[in-house]
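Step one of this worksheet: look at the structure below.
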Amino acid sequence: MALKKSELYSSLWASCDELRGGMDASQYKDYVLVLLFIKYISDKYAGQPFAPISIPEGATFKDMVALKGKPDIGDKINTKIIAPLAGANKLSDMPDFNDATKLGSGKEMVDRLTNLIAIFENPALDFSKNRADGDDILGDAYEYLMRHFATESGKSKGQFYTPAEVSRIMAQILGIRAAKTSASTTVYDPTAGSGSLLLKVGDEAGTAVTLYGQEKDAATSGLARMNMILHNNPTALVVQGNTLTDPKFKDGEALKTFDYVVANPPFSDKRWSTGLTPAKDPFDRFQSFGVPPGKQGDYAYLLHIVRSLRSTGKGACILPHGVLFRGNAEAEIRKNLVKKGYIKGVIGLPANLFYGTGIPACIVVIDKENAHTRKGIFLIDASAGFMKDGPKNRLRAQDTRAVPMRDEAGGVVMWVGSNTDVDDIKRAEIALKDSEVRFRRLFESAQDGILILDAGTGKVIDANPFMTALLGYSHDEFMGKELWEIGLFRDIEESRAAYRELQEKGYVRYENLPLESRSGHKVEVEFVSNVYAENHHRVVQCNVRDITERSRLQRQVRDQAAALADLDRRKDEFLATLAHELRNPLAPIRNSLHIMKLSGADAATVERSRNVIERQVQQMVRLVDDLMDVSRIVQGKVELRTGRVELAAVVARAVETARPVIDAKGHDLTISLPPDSLPLEADTVRLAQVVGNLLNNAAKYTEPGGRIRLTAERDGDEAVLRVTDTGIGIAPDMLPRVFGMFVQVDPTATRSQGGLGIGLMLVKNLVGLHRGTVEAHSAGLGTGSEFVVRLPLVSRGSVQPEVPDAGQKPHERHPGRRLLVVDDNVDAADTLATLLRLSGHDVRVAHSGAAALAVVTDYRPDMAFLDIGMPGMDGYEVARRLREQPGLQRAVLVAVTGWGSPEDRRRTTEAGFDHHLVKPVEPAVLEKLLAGLRNQP
């Protein structure tokens with residue numbers, strides 16, 4: 001009765017579940033296969049004479065069952081079961097069943113091993129009554145495990161196993177069935193793996209042959225020896241060691257030679273030459289053909305096979321498909337092999353056949369017999385036929401027909417393929433080499449990064465210099481890596497998700513993918529990847545363009561656009577606020593004027609209305625002055641009139657200015673100044689403006705009855721002034737912008753309290769002109785605010801004291817003068833003229849430049865007040881014309897204008913004006929100016 005493989009596989013999977021989590025898949029595979037081996041030989045051979053394997057008494061699977069649940073189960077399995085079996089059958093490299101790092105310690109180990117043994121007690125796995133469905137128990141089990149764990153393990157362990165269908169093809173290719181074989185016929189596998197390939201070739205022979213194998217991996221070589229025993233080949237010699245650096249089979253100092261050699265070596269072994277000096281190889285494997293590249297070991301194994309064959313020997317080696325096309329050193333080796341006639345044929349296999357790699361492979365057939373007469377090479381394409389089996393491909397019986405077709409006697413009837421002349425191969429190689437040179441030149445000089453990945457595994461198989469330089473890795477460090485390992489994605493899950501999308505769609509594009517270089521530097525790239533078919537193998541080409549600078553410029557443009565939009569928004573808010581602030585004083589002015597009209601000559605009412613108008617006009621003047629200050633600051637044209645001042649005096653002046661606002665809202669103002677002097681080099685007016693603005697802000701943004709505290713202190717060589725309030729506070733996102741132009745912390749509150757959103761901008765810039773700093777602090781909305789101003793102190797007597805303006809004294813009434821007022825604004829001209837007449841002067845009025853010139857033909861004014869922005873003839877031209885009039889060269893010309901910048905003042909001076917007054921003109925300023933005419937004749 002045949003044992004169903006499904007039952008076997010079910011038990012294997014249950015065993016793996018029991019061990020999963022304690023160790024890597026490639027490790028717990030060894031425990032499962034050893035347990036399967038012990039169960040199989042115990043059922044088949046325990047107690048039988050002349051068995052192919054010796055089973056010491058007390059070392060059977062039943063004896064292992066008796067250990068279940070014992071506290072020292074791991075140690076007892078090692079000493080009572082494993083050690084006797086290994087000693088009696090010359091087995092080595094068996095796994096340690098008492099390894100606490102893999103199996104756990106204490107009860108965890110006991111439970112795990114007990115459950116593991118119980119799984120193999122399944123009656124369906126009774127090999128004493130059932131024969132296996134198939135002839136390769138361990139090989140099939142190994143393949144099953146590799147099929148499930150190649151991805152989980154993350155290793156290329158699957159290359160240790162050659163799928164049964166491929167092994168059969170290689171056995172048929174060698175023609176060993178038709179050969180006259182005997183026990184002296186030798187078959188050798190230098191990379192034996194689990195031994196399945198050796199077994200397939202041995203079974204293909206008509207008689208028993210002698211099998212030799214060497215395997216680098218210790219656990220796998222032990223598996224191979226067990227496999228030989230299970231297949232009734234106890235004399236097969238499988239040893240552990242590195243075939244290339246330490247070949248175990250030798251005749252004296254030379255390599256032992258064999259009749260048949262088969263191998264499935266690790267693809268493109270990057271460490272093949274470790275411990276070996278290829279140019280001085282003691283076994284002369286490379287001298288006649290060439291030394292393979294240091295990072296590509298495929299031809300190293302092939303040349304070992306060539307050297308291990310007798311003069312009539314035949315071999316077959318599985319290699320990656322790329323060995324047929326690579327240039328440089330490998331092209332030279334390939335040429336020499338073809339020249340000697342050793343290569344008889346090449347069979348192309350489908351991609352994704354082998355566990356641990358998706359690279360397409362080929363079988364290179366070697367035949368030394370009559371090699372010197374060989375004129376052609378059979379090239380057979382067997383890559384198109386296969387079936388999908390999960391993530392892998394598998395060959396079917398009908399897919400193995402692209403091999404030699406033989407008659408009943410074993411002779412070759414025909415090959416399904418093509419026979420290519422050697423000269424054609426040479427010409428094709430030359431053309432291919434030229435093509436490769438062109439490709440390599442483009443590949444290596446490209447100013448974009450290029451990555452080539454294996455589509456099956458997602459691992460890098462090539463990268464151009466731009467790509468390696470972009471991320472700061474060497475070319476070798478790229479090879480064999482997944483994308484997440486070289487900074488193309490942040491983590492493995494993101495990388496694999498992107499790769500799954502690529503496999504599904506065949507195309508992936510990222511407009512802006514942030515990468516991380518080896519040094520941690522951020523690199524922004526445009527990432528485009530496509531899947532291509534390449535010689536029956538799928539590869540992924542990734543084009544990576546560095547867009548770091550482009551992205552920076554795009555962000556800069558976006559930031560500038562956002563800043564402009566924000567500035568435009570704030571400008572609109574400012575204009576709306578300005579309109580609101582101008583309408584506020586205009587309303588009481590208009591009302592007061594109407595009251596004066598209705599009240600007649602009632603003196604008290606007129607006085608009250610006059611006071612209202614005066615206060616509102618002053619408010620409008622302050623608004624306009626602030627705007628002019630902003631303009632001057634932006635243009636860098638503010639000039640400080642500095643002198644020695646005391647901070648206490650500045651504070652007193654500012655408090656006097658802000659007191660009405662503070663008192664109107666019922667705030668409690670506390671002032672704390674140090675007893676010592678805090679001397680500054682400063683402009684008293686401008687610095688008082690700074691402190692006044694901060695006090696006004698505190699008053700306006702604090703609910704009635706709040707607290708405001710002003711303190712000053714010395715901190716080293718700085719004076720520190722703080723204005724703290726219990727007001728509405730500042731949101732965290734507003735703190736960095738609070739000193740910006742037109743910025744309003746709360747536009748709604750600003751409109752209700754008054755202000756243009758430029759006060760703090762003036763504060764910051766005026767403090768900066770005094771070589772100081774200002775900072776805003778707030779814990780958030782509703783927590784109040786604190787503004788801290790730091791100013792440099794000066795030593796006593798180092799600065800001249802500020803000289804008071806003598807013009808601030810009241811003036812005596814002066815005798816009347818002849819005056820001319822010129823302004824196209826009739827109301828402005830007439831009100832100024834009235835004001836001057838009330839002061840006892842003779843005044844004439846003109847509303848245009850031409851009218852003014854007409855007046856002076858018979859009227860010689862002592863002083864002329866000229867508006868600048870008049871239509872037709874502006875004030876500059878009128879001034880020049882007046883200076884040309886006889887008798888007016890000494891007349892005093894005064895510009896009266898809304899423009900007050902230093903540039904405006906320079907232009908009026910150049911035009912011949914003596915003075916420059918900015919509208920609206922204070923009456924006191926007019927009195928001071930007219931007093932200057934007092935001493936003139």
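The numbers here are math on the coordinates, done by the rules we state, and not lab data. This one's a predicted model, so the numbers in the text were calculated from it and none came from an experiment. Positions of Cβ are backbone-derived with ideal geometry, glycine not excepted, and every protein chain shown enters the neighbour counts.
Please state the shape class of region 59-103: rounded when a/c is under 1.5, otherwise prolate if a/b exceeds b/c and oblate if not, all from the C-alpha gyration tensor.
Details: a/c = 2.75, a/b = 1.23, b/c = 2.24.
Note, shape of region 59-103 comes out oblate.
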DSSP-loop trypsin sites (Lys or Arg not before Pro) across region 850-937, with at most 13 other Cβ within 10 angstrom: 890, 934
Nearest-0.05 FRET efficiency for residue 548 and residue 177, computed from C-beta distance (R0 60 Å): 0.40
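Set the Förster distance to 35 Å, then compute FRET efficiency between residue 883 and residue 614 from the Cβ-Cβ distance, nearest 0.05. Before the final figure, lay out each step's value.
Working: r = 36 Å, r/R0 = 1.04.
My answer for the efficiency is 0.45.
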At 0.890 mPa s and 25 °C, Stokes diffusion of region 446-546 via Kirkwood alpha-carbon radius, µm² per second: 184 µm²/s
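What shape does region 251-377 have by the C-alpha gyration tensor, where a ≥ b ≥ c are the square roots of the eigenvalues, rounded means a/c under 1.5, and otherwise prolate means a/b greater than b/c and oblate the rest?
The shape class here is rounded.
Show me the ranking of peptides 604-613, 323-332 by mean Cβ neighbours inside 10 Å, starting with the highest. Write out the running numbers ahead of the final one.
Values: 604-613: 14.3, 323-332: 17.0.
Taking the mean over residues of other Cβ atoms within 10 Å, the ranking is 323-332, 604-613.
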Rounded to whole Hz, the Karplus (6.51, -1.76, 1.60) HN-Hα couplings of region 48-63, x for glycine and proline: 8, x, 6, 6, x, 9, 8, 10, x, 4, x, 10, 9, 5, 4, 5
Nonlocal amide H pairs with residue 848, under 5 Å, H built at 1.01 Å: 823
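Ordered by packing density, taken as the mean number of other Cβ atoms within 10 Å over each peptide's residues, highest first, how do 685-695, 311-321 rank? Present the calculation step by step, with values, prior to reporting the outcome.
Details: 685-695: 23.4, 311-321: 20.8.
The peptides rank, most packed first, as 685-695, 311-321.
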Calculated diffusion of region 669-712, Stokes-Einstein form, Kirkwood radius summed over Cα pairs, 20 °C and 1.002 mPa s, µm²/s: 178 µm²/s
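Checking the a/c ratio against 1.5 first, then a/b against b/c, what shape does the Cα gyration tensor give for region 806-931? Kindly include the intermediate steps, with their values, before the conclusion.
Values: a/c = 1.44, a/b = 1.18, b/c = 1.22.
Rounded, since a/c falls under 1.5.
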Region 638-792: Cα Rg divided by the 2.2 N^0.38 Å rule of thumb: 0.98
Ordering of 447-456, 475-484 by packing [mean C-beta count within 10 Å, highest first]: 447-456, 475-484
Estimated FRET transfer efficiency when R0 is 41 angstrom, pair residue 68-residue 235 (beta carbons, to 0.05): 0.70
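Of the cross-linked pairs 39/481; 29/70; 280/368, which ones have a Cα-Cα span greater than 32 Å in the structure shown?
39/481
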Point-to-point label distance, residue 703-residue 735, nm (Cα→Cβ direction, 7 Å offset): 2.3 nm
Label-to-label distance, nm, for residues given as residue 825 and residue 603 (7 Å Cα→Cβ offset): 3.3 nm
Calculated on alpha-carbon atoms, Rg and Dmax of region 870-937 in Å: 12.7, 36
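Need the full-extension length gain, residue 494 to residue 96, defined as separation in residues times 0.36 nm minus the C-alpha distance. One decimal, nm. Walk me through the intermediate numbers first.
On the way: separation 398, 0.36 × 398 = 143.28 nm, distance 3.72 nm.
Stretched fully, the residue 494-residue 96 segment lengthens by 139.6 nm.
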